[in-house]
Number of protein chains: 2
Amino acid sequence: MGKPSRSSHDSTSADTRRQLLDAAAGVFAGRGFHHATVRDICRIAGANLAAIRYHFGDKEALYAAVLHETAPAPATPPAGSPLPPLATQLRNFIHSFLARIAEEGVAGHHGCIMAREMVDPTPALDDLVQHFIRPQHEWLQRLVRDLAGPGFSSAQIRRIAHSIVSQVLFYKHCNAALSRLAPADCLSPSNLDDIADHITRFSLAAIASFKNSDDSPRPARISSRTRSRPSR
Amino acid sequence: MGKPSRSSHDSTSADTRRQLLDAAAGVFAGRGFHHATVRDICRIAGANLAAIRYHFGDKEALYAAVLHETAPAPATPPAGSPLPPLATQLRNFIHSFLARIAEEGVAGHHGCIMAREMVDPTPALDDLVQHFIRPQHEWLQRLVRDLAGPGFSSAQIRRIAHSIVSQVLFYKHCNAALSRLAPADCLSPSNLDDIADHITRFSLAAIASFKNSDDSPRPARISSRTRSRPSR
DNA sequence: GGCAGGTTCAAACGGATGTTTGAAACTGTC
DNA sequence: GACAGTTTCAAACATCCGTTTGAACCTGCC
């Protein structure tokens, strides 16, 4: 990392490692683990093919290193500071989550890689879930539990949390379709606030309704099983 | 073209085409377009490598044919029959959508391929959006507009539709994470009804709240921009 | 300078993949 | 049976990929 030991060229020995990590993050994010080629990564990093073996071992170890190094901090609120109202906490969560997804530069690579892991898991996904997804999932679950109040099963709480997260991830996972279907709806810095507000309002309203209505499992299904839209 | 010309073996000439399509659907769904190999497809189909060239041209044409032939019917309600209440229509939509996603056999391949197209688009995605996604998107938009009543911009209607669809797709796109995070929450035939009911209740409650509250753009943001969860 | 350790380099290896080829096998028709 | 058209076959081709190799290069130290 740090010490530039001043050679004839500015690129000193072990910052090749950094160049490789940066290049790999971009290529892995853009093409996925399998479709990415070490040749592309090395070309972009301005490094030799063998540099990957020397600095990391092999392609998979490089991938693991990229995931480990580009993971943003878990973004837990600074302990000790007075917490804002629950609804504001939810909005802040949704907003920062969306902002992280909308990120385009290096900060966005982690999100792209994670989206690919969902559809095409590699052995690295287990660590990713354990150390990155699970903490945030549990944080959101506690917030939802506080928001909803007592009388909800943990399964209900989890479903609500899923409903919230899903609305955010939609703008990442379905961006390819959205850009072809309704380009104006694609997540961008200009409509990020509006989308965050929509998801917050949508979710808070649903939670409030759950709270006011019967807490018991449910007052019978919404309607009889009369179905008019056969699945095929 | 298609006439089965009865040979000694049951596998007559041009049903090799059908075998290739079926095998290709499975392999493409399981591994994605890039990672799938024509050798695997041909081995599973019991066909020769050159059969792909003969029957389709190349791998990409085979992929396009698979997408075209395995696409389930758009699932529009049978015209002329008396439509159920709007809320029931929404529940039916969500339920059949979830059921299609939960599908595991041949019927599920299309959903898997589509999920992959989202994170890793191929040239085939444009047709997919045009002929498969767009009709359903517009159908849902009309339903949401009827549910919400007058006074909503089309952008608001679209956002609500996105919120509904996202909650369903979550169980497809995030299944890899969900199975590691909360396996009990994974979409399965046993909890399909419960999940469909949850998403329906969640969405209807939010829509009802939108309807009752101010229709104008919005009564100021939920709170001041005080943020306690820095994005990194 | 000489040396040792760390780092980079061009070149090749072994394997996998999409595609192509030219001939063989099969089909129905005369 | 001979023939033309269709369909399948084994084999090879050309390319690309991840990995490996052995030598060159650089750096700091004696």
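The values are calculated or read from the model by the stated rules, or taken from the named source; none is laboratory data. Quick caveat, the model's predicted, so the values are computed rather than measured. We place every Cβ from the backbone using ideal geometry, glycine too, and count neighbours over all the protein chains shown. Surface accessibility is based on the protein's heavy atoms, side chains included, excluding ligands, DNA and RNA. Shrake-Rupley method; radii C 1.70, N 1.55, O 1.52, S 1.80 Å.
Among the residues making up region B:171-185, those that are open to solvent by 20 Å² or more (accessible area, probe 1.4 Å) and under 18 Å from the mean Cα position of the chain (by Cα) are B:LYS172, B:ASN175. Exactly one residue among B:CYS112, B:CYS186 is at pLDDT 95 or above and under 18 Å from A:ASP120 (Cα atoms), and that residue is B:CYS186. Cβ separations smaller than 6 Å between residues 6+ apart or across chains give the following pairs from region A:28-41 residues that are closer than 13 Å to A:VAL66 by Cβ and in contact (Cβ under 8 Å) with a residue 12 or more places away in the chain to residues that are of a type in the set (Val, Ile, Thr) and not in a helix (DSSP H, G or I): A:PHE33/A:THR122.
Per the conditions (1) exposed (fewer than 14 other Cβ atoms within 10 Å of the Cβ); (2) farther than 30 Å from A:ASP127 by Cα, the sole criterion not satisfied by B:GLN141 is (1). Inspection of region B:90-104 finds a residue satisfying the criterion of being in the same structural domain as B:ILE207 (by TED's automatic domain parsing), of a type in the set (Lys, Arg) and surrounded by fewer than 20 Cβ atoms within 10 Å (Cβ to Cβ). If you go through region B:21-35 and keep only what is open to solvent by less than 30 Å² (accessible area, probe 1.4 Å) and out of contact with any Gly (no Cβ under 9 Å at 6 or more places or on another chain), you end up with B:LEU21, B:ALA24, B:ALA25, B:GLY26, B:VAL27, B:PHE28.
Answer with yes or no whether B:ALA206 is at pLDDT 95 or above, open to solvent by less than 40 Å² (accessible area, probe 1.4 Å) and more than 7 Å from chain A (Cβ to nearest Cβ). When the stated conditions are applied, B:ALA206 does not pass them. Does A:VAL38 count as over 21 Å from the mean Cα position of the chain (by Cα), more than 10 Å from chain B (Cβ to nearest Cβ), at pLDDT 95 or above and surrounded by 16 or more Cβ atoms within 10 Å (Cβ to Cβ)? Against the criterion (over 21 Å from the mean Cα position of the chain (by Cα), more than 10 Å from chain B (Cβ to nearest Cβ), at pLDDT 95 or above and surrounded by 16 or more Cβ atoms within 10 Å (Cβ to Cβ)), A:VAL38 qualifies. Going by the conditions given, is A:ALA64 within 16 Å of DNA strand D (Cβ to nearest atom), at pLDDT 85 or above and within 28 Å of A:ARG134 (Cβ to Cβ)? So A:ALA64 fits the description; yes. Quick check, is B:VAL66 more than 10 Å from every other protein chain (Cβ to nearest Cβ) and buried (at least 18 other Cβ atoms within 10 Å of the Cβ)? In short, yes.
So, restricting to helices (runs of 4 or more DSSP H) that lie completely within region A:38-145, which ones have at least 3 residues that are within 16 Å of DNA strand C (Cβ to nearest atom) and over 30 Å from B:GLY111 (Cα atoms)? In region A:38-145, A:38-45, A:50-55, A:59-70 are the helices (runs of 4 or more DSSP H) which contain 3 or more residues that are within 16 Å of DNA strand C (Cβ to nearest atom) and over 30 Å from B:GLY111 (Cα atoms).
A:ALA196: crowded, with 16+ Cβ neighbours inside 10 Å, within 7 Å of chain B (Cβ to nearest Cβ), of a type in the set (A, V, I, L, M, F, W, C) and assigned to a helix (DSSP H, G or I), yes or no? Answer is no for this residue. Every residue in region A:144-160 that is open to solvent by less than 30 Å² (accessible area, probe 1.4 Å) and at the interface with another protein chain (Cβ under 9 Å from one of its Cβ atoms), please. A:ILE160 - this is the single residue of region A:144-160 that is open to solvent by less than 30 Å² (accessible area, probe 1.4 Å) and at the interface with another protein chain (Cβ under 9 Å from one of its Cβ atoms).
Does B:SER163 meet the test of being open to solvent by 40 Å² or more (accessible area, probe 1.4 Å) and either of a type in the set (Gly, Ala, Ser) or not in a loop (DSSP other than H, G, I, E, B) (or both)? So B:SER163 fails the test.
Of the residues making up region A:108-128, those that are over 11 Å from the mean Cα position of the chain (by Cα) and either surrounded by fewer than 21 Cβ atoms within 10 Å (Cβ to Cβ) or charged (D, E, K, R) (or both) are A:ASP120, A:PRO121, A:THR122, A:PRO123, A:ALA124, A:LEU125, A:ASP126, A:ASP127.
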